[in-house]
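Notes follow once the structure below has been shown.
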Amino acid sequence: MRLHLDRPVTIERTRYAERWFPYLYRMPDGMLLMALQHNVDCHFSPWHYLRSVDNGRTWTHPVDNVPRLCWWHGFADGELFEIDSYGIQDPNAPDESVYYGAWSVPNRPGDTARTGLVRVRHTQHGLTLREMPGLPKHPWFPLWNAIHGGKDWWGECLGLDEIRLNGPYFTDIVELPGERLLAVGYFDHVGMYASDDRGQTWEEISILNDQARTGFTANETALLRLADGTLYAVMRVESEPWGVVGRFHHAWSTDDGRTWSAPEPLSLEDEPAHVVGCAWPRLAALENGALILTYGRPGKNLIYDLTGTGQHWQGRVDLHAWELDTQALLGVPPEARLRGIVGADWTKQFDRHTDSGDYLGVAAVGPRELRVVYDVHSYVEHWNADPVSAVRMVRITVEG
């Protein structure tokens, strides 16, 4: 299999603000959705999302439906489910967390989202608001006050130690026959959550990784249902010591997520020395069953598995080097190009404030076409351009 890369293009830019961590999702009807954060790794930061109905050629700005999107899922009838990032522990049901949620039909003219609360039953522990990094903001106050019996910040004060944010962060959702949803999410461990009512309620049905069992901490997880019905998950693993790239681990389930194989390291067959890590694994499948995996930090990478099993990864494409080559082609002097140094020590590659958050998004938009997106910062597009924070997109065609 050969991959043909078009030159990357800018699809979102801002001169005096920031755009981080593009989450890319393709609806069953082909519409592309992309969520963007406005601050780097900052809890409670604002976000917005973009929509494209022409495979990424043009983008519009729809109305946001939850304060800060965690993940989404599109049903065959066109309805979109969205869940917010922050689940608060219900003091009257300590094993449940409550989130903002929304259900809408993005392609229906004049559609108004139906908003409500999502409940997730789980075994995560989480953190109190005092322990959480970042400062809380208004959109979540009404939820927290209501869950705690009407207390507020000005009357009967609701203390920082009373609010526990322990709901899992959802990072992928797949749909089984019969509209049963399965999601992966993390906080203290990586768990699997099931919903049979279009995302209104969820229950933890299994654990993919727990540090007490495996000896390592995993969090961000991609999930895909393979052609034979097997569930396949790729997990980010935190490094020890800090500064060493943590290698992704992957696992399989043949019983719809009720049990999982032991996580094992993910490696490239044709480049075993390369560490496949460390942040934000994203999976996509082509019509022929081949799998695509993108990941970053350091760099921006894409690999594939022609067998569609997740067991034979190869063919790494260095999208960071492709971006540097594009800047050189457009006359950007070396000192103004992205700061990441291809092939250098990890610590010299990692400067996301003046380079990239290295979170990639990927979507298959046809039998043999992909779209890959990533963020860039202090980015100079051509010889006469001002530096911007932006999202870049690469069109990739599969040949052979």
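So which residues in region 234-255 are crowded, with 19+ Cβ neighbours inside 10 Å and closer than 23 Å to residue 175 by Cβ?
Matches in region 234-255: 234, 235, 250, 251, 253.
Please verify whether region 167-178 includes one or more residues that are assigned to a loop (DSSP other than H, G, I, E, B), on the phi < 0 side of the Ramachandran plot and modelled with pLDDT under 95.
Yes, that holds for at least one residue.
Name, by its number, the condition in (1) free of Cβ contacts under 8 Å to residues at least 60 places away in the same chain; (2) part of a strand (DSSP E or B); (3) closer than 30 Å to residue 158 by Cα that does not hold for residue 50.
Evaluating residue 50 over (1) free of Cβ contacts under 8 Å to residues at least 60 places away in the same chain; (2) part of a strand (DSSP E or B); (3) closer than 30 Å to residue 158 by Cα leaves (3) as the failure.
Test residue 269 against the criterion of being free of Cβ contacts under 8 Å to residues at least 24 places away in the same chain, of a type in the set (Asp, Glu), out of contact with any Lys or Arg (no Cβ under 7 Å at 6 or more places or on another chain) and more than 21 Å from residue 73 (Cβ to Cβ), and give yes or no.
no
Looking at region 300-310, is at least one residue acidic (Asp, Glu), at pLDDT 95 or above and more than 30 Å from residue 381 (Cα to Cα)?
Checked against the condition, which is being acidic (Asp, Glu), at pLDDT 95 or above and more than 30 Å from residue 381 (Cα to Cα), region 300-310 yields at least one hit.
What tally of residues in region 90-110 results from selecting those that are outside any strand (DSSP E or B) and surrounded by 12 or more Cβ atoms within 10 Å (Cβ to Cβ)?
Summing the residues that are outside any strand (DSSP E or B) and surrounded by 12 or more Cβ atoms within 10 Å (Cβ to Cβ) in region 90-110 gives 4.
Considering region 323-356 alone, what residues qualify as being at pLDDT 75 or above and surrounded by fewer than 17 Cβ atoms within 10 Å (Cβ to Cβ)?
Applying the first criterion (at pLDDT 75 or above) to region 323-356 yields 323-339, 355-356.
Within region 323-356, 325, 328, 329, 330, 331, 333, 334, 335, 336 meet the criteria.
Does residue 294 qualify as being at pLDDT 95 or above, under 20 Å from residue 370 (Cα atoms) and surrounded by fewer than 15 Cβ atoms within 10 Å (Cβ to Cβ)? Can you show your working first?
Values: at pLDDT 95 or above: yes; under 20 Å from residue 370 (Cα atoms): yes; surrounded by fewer than 15 Cβ atoms within 10 Å (Cβ to Cβ): no.
For residue 294, the condition - at pLDDT 95 or above, under 20 Å from residue 370 (Cα atoms) and surrounded by fewer than 15 Cβ atoms within 10 Å (Cβ to Cβ) - is not met.
Please work out if residue 212 is without any contact (Cβ under 8 Å) to a residue 12 or more places away in the chain and outside any loop (DSSP other than H, G, I, E, B).
yes
Among the residues of region 59-70, are any of a type in the set (Ser, Thr, Tyr) and assigned to a loop (DSSP other than H, G, I, E, B)?
There is no residue in region 59-70 that is of a type in the set (Ser, Thr, Tyr) and assigned to a loop (DSSP other than H, G, I, E, B).
Quick check on this structure: which one of 160, 127, 135, 117 is hydrophobic (A, V, I, L, M, F, W, C), surrounded by fewer than 20 Cβ atoms within 10 Å (Cβ to Cβ) and in contact with a helix residue (DSSP H, G or I) (Cβ under 8 Å, 6 or more places away or on another chain)? Talk me through it step by step, then tell me what you get.
Working: 160 fails: in contact with a helix residue (DSSP H, G or I) (Cβ under 8 Å, 6 or more places away or on another chain); 127 fails: in contact with a helix residue (DSSP H, G or I) (Cβ under 8 Å, 6 or more places away or on another chain); 135 fails: in contact with a helix residue (DSSP H, G or I) (Cβ under 8 Å, 6 or more places away or on another chain).
Just a single option satisfies the conditions, and that option is 117.
Going through region 236-253 one residue at a time, which ones are among the β-branched types (Val, Ile, Thr) and at pLDDT 75 or above? Walk me through how you get there before you give the answer.
Filtering region 236-253 for residues among the β-branched types (Val, Ile, Thr) gives 237, 244-245.
Hit for region 236-253 is 237, nothing else.
Would you be able to say whether some residue in region 10-17 is surrounded by 20 or more Cβ atoms within 10 Å (Cβ to Cβ) and either among the aromatic types (Phe, Trp, Tyr) or over 14 Å from the mean Cα position of the chain (by Cα) (or both)? Walk me through how you get there before you give the answer.
Just the residues of region 10-17 that are surrounded by 20 or more Cβ atoms within 10 Å (Cβ to Cβ), to begin with: 12.
Cutting the leftovers down to either among the aromatic types (Phe, Trp, Tyr) or over 14 Å from the mean Cα position of the chain (by Cα) (or both) gives us 12.
Looking through region 10-17, at least one residue is surrounded by 20 or more Cβ atoms within 10 Å (Cβ to Cβ) and either among the aromatic types (Phe, Trp, Tyr) or over 14 Å from the mean Cα position of the chain (by Cα) (or both).
Consider residue 227 against the criteria (1) part of a loop (DSSP other than H, G, I, E, B); (2) touching a residue at least 60 places away in the same chain (Cβ under 8 Å); (3) under 22 Å from residue 21 (Cα atoms): it satisfies all of them except one. Which criterion is unmet?
(3)
Tell me, which strands (runs of 3 or more DSSP E) lie completely within region 1-43 with 3 or more residues that are modelled with pLDDT of 95 or more and among the hydrophobic types (A, V, I, L, M, F, W, C)?
Details: elements: 2-5, 9-14, 20-26, 32-37.
Filter on region 1-43 gives 32-37.
Look through 262, 279, 194 and report the one residue that is over 30 Å from residue 115 (Cβ atoms), in contact (Cβ under 8 Å) with a residue 60 or more places away in the chain and surrounded by fewer than 23 Cβ atoms within 10 Å (Cβ to Cβ).
279
Have a look at 261, 206 and point out the one that is small (Gly, Ala, Ser), over 19 Å from the mean Cα position of the chain (by Cα) and part of a strand (DSSP E or B).
From the options 261, 206, the qualifying one is 206.
The values are calculated or read from the model by the stated rules, or taken from the named source; none is laboratory data. Everything numeric in this text was worked out from a predicted model, so none of it was measured. Using ideal geometry, Cβ is built from the backbone for each residue, glycine included, and neighbour counts are taken over all protein chains shown.
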